[in-house]
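Data block below; observations after.
The values are calculated or read from the model by the stated rules, or taken from the named source; none is laboratory data. Since this is a predicted model, take the numbers as computed values, not measurements. Here the Cβ is made from the backbone with ideal geometry for all residues, glycine too, and neighbour counts use every protein chain on show.
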Amino acid sequence: MKIGFLQFTPDFGKVHQNLVKVAGLLDAVDADLVVLPELFGTGYLFRNKTELMNLAEDLSGETAQTLSKVASDTGCYFVAGFAEKDRGVLFNSAMLVGPDGLVGIYRKSHLFDTEKELFEPGNTGFRVFDIGAARIGMMICFDWFFPESARSLALAGADIIAHPANLVLPYCQTAMPVRGLENRIYSITANRCGSEERGGQSLAFTGRSVIVSPKGETLAVGPGQGDSLQVIDIDVLLARDKKPTKRNHLFEDRRTDLYRL
Ligand code: ACM
């Protein structure tokens, strides 16, 4: 199976222009699954809820339509972060789309910092979608900080965690190999880069998108700055072997009787 990331720097608020650019970068992609960053079409630093409301989309919006078209043209599945407006309620979400259109969505469970003033906390929980070649779970950026996110997806049967991100802290890229190892799963963290200065705030995003193996190996890394499409070959079955030794099983050996605190 071929999996990858598209590290991408959106121009804030220029959704149509960003989508055209991304569609161009992906139009000849040779992969089964490619992950894009969190909020890849809108940018991140909304001045207020009104601005976010005006840029957010539902599942019939231009973002879902554009990605579905690229998926149908290339045969590739995509996971991508977007600002979701569901009957006036705003979520920081990710969509999984494939050649036949929308497969599923995930709404970010652990909102980061000022996101708490803009979005509702996600209500989908950690779900897994079977795309044939693999079972895909989604989490978004700061969700990584809570090991329960990756664990919940692994327990639900995910082979690969698709992880759109807009990372501003320096820890995630070095932490994801541990999430891979402790759950024996693949993960694809698709980060953005560049910076945004809006409404008196400024943020710099850290690039270095990363693909990690069930053995905790770093299989691919993006540059610190600049757009980058990287695709690698993996053996999905490695993620279904949960035995680090003959006598240990990652899930069956859990001492849930001791974890109550
Ligand atoms: C983040 O969750 N975007 C840091």
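Taking each residue of region 121-139 that is farther than 27 Å from Val89 by Cβ and looking for partners that are assigned to a loop (DSSP other than H, G, I, E, B) and at pLDDT 95 or above with beta-carbon atoms closer than 7 Å, six or more apart or interchain, yields Ala133/Met1; Ala133/Asp32; Ala134/Met1; Ala134/Asp159; Arg135/Gly157; Arg135/Ala158; Arg135/Asp159.
When you go through Leu153, Leu181 one by one, which is the residue that is under 24 Å from His110 (Cβ atoms), free of Cβ contacts under 8 Å to residues at least 60 places away in the same chain, of a type outside the set (Gly, Ala, Ser) and crowded, with 19+ Cβ neighbours inside 10 Å? Working first, answer last.
Numbers: Leu181 fails: crowded, with 19+ Cβ neighbours inside 10 Å.
Being under 24 Å from His110 (Cβ atoms), free of Cβ contacts under 8 Å to residues at least 60 places away in the same chain, of a type outside the set (Gly, Ala, Ser) and crowded, with 19+ Cβ neighbours inside 10 Å holds for just one of Leu153, Leu181, which is Leu153.
Among the residues of region 70-93, those identified as of a type in the set (A, V, I, L, M, F, W, C), crowded, with 24+ Cβ neighbours inside 10 Å and in contact with a helix residue (DSSP H, G or I) (Cβ under 7 Å, 6 or more places away or on another chain) are Phe78, Ala80, Phe82, Ala83.
In region 39-56, which residues are β-branched (Val, Ile, Thr) and within 16 Å of the ligand (Cβ to nearest atom)?
Filtering region 39-56 down to residues β-branched (Val, Ile, Thr) leaves 42, 50.
Of everything in region 39-56, just one residue is β-branched (Val, Ile, Thr) and within 16 Å of the ligand (Cβ to nearest atom), namely Thr42.
Taking Ser195, is it free of Cβ contacts under 8 Å to residues at least 24 places away in the same chain and surrounded by fewer than 24 Cβ atoms within 10 Å (Cβ to Cβ)? Yes; evaluated as a whole, the condition is true for this residue.
Per the listing Leu96, Leu67, Leu59, Leu118, the residue uniquely in contact with a helix residue (DSSP H, G or I) (Cβ under 7 Å, 6 or more places away or on another chain) and either under 30 Å from Arg198 (Cβ atoms) or within 16 Å of the ligand (Cβ to nearest atom) (or both) is Leu118.
With within 24 Å of Thr42 (Cα to Cα) and in contact with a helix residue (DSSP H, G or I) (Cβ under 7 Å, 6 or more places away or on another chain) as the only criterion, which of Cys141, Cys172 stands out?
On the way: Cys141 fails: in contact with a helix residue (DSSP H, G or I) (Cβ under 7 Å, 6 or more places away or on another chain).
None of the others qualify; the one that does is Cys172.
Mind listing just one residue for me: the one in region 101-115 that is crowded, with 17+ Cβ neighbours inside 10 Å and not in a strand (DSSP E or B) and, of those, farthest from the ligand (Cβ to nearest atom)? For region 101-115, the residue satisfying everything is Ser109.
Number of residues in region 3-30 that are assigned to a loop (DSSP other than H, G, I, E, B) and surrounded by 23 or more Cβ atoms within 10 Å (Cβ to Cβ): the value is 2.
Looking only at region 228-261, which residues are among the small types (Gly, Ala, Ser) and touching an Asp or Glu at 6+ places or on another chain (Cβ under 8 Å)? Spell out the reasoning first.
Our first condition is that a residue be among the small types (Gly, Ala, Ser); within region 228-261, this holds for 228, 239.
Passing the criteria: only Ala239.
Cβ separations smaller than 6 Å between residues 6+ apart or across chains give the following pairs from region 15-31 residues that are more than 13 Å from Ala71 (Cβ to Cβ) to residues that are among the hydroxyl-bearing types (Ser, Thr, Tyr) and not in a loop (DSSP other than H, G, I, E, B): Leu19/Thr66. Of the strands (runs of 3 or more DSSP E) that lie entirely inside region 149-254, those containing 2 or more residues that are within 16 Å of the ligand (Cβ to nearest atom) and modelled with pLDDT of 95 or more span 160-164, 186-190, 195-198, 201-204.
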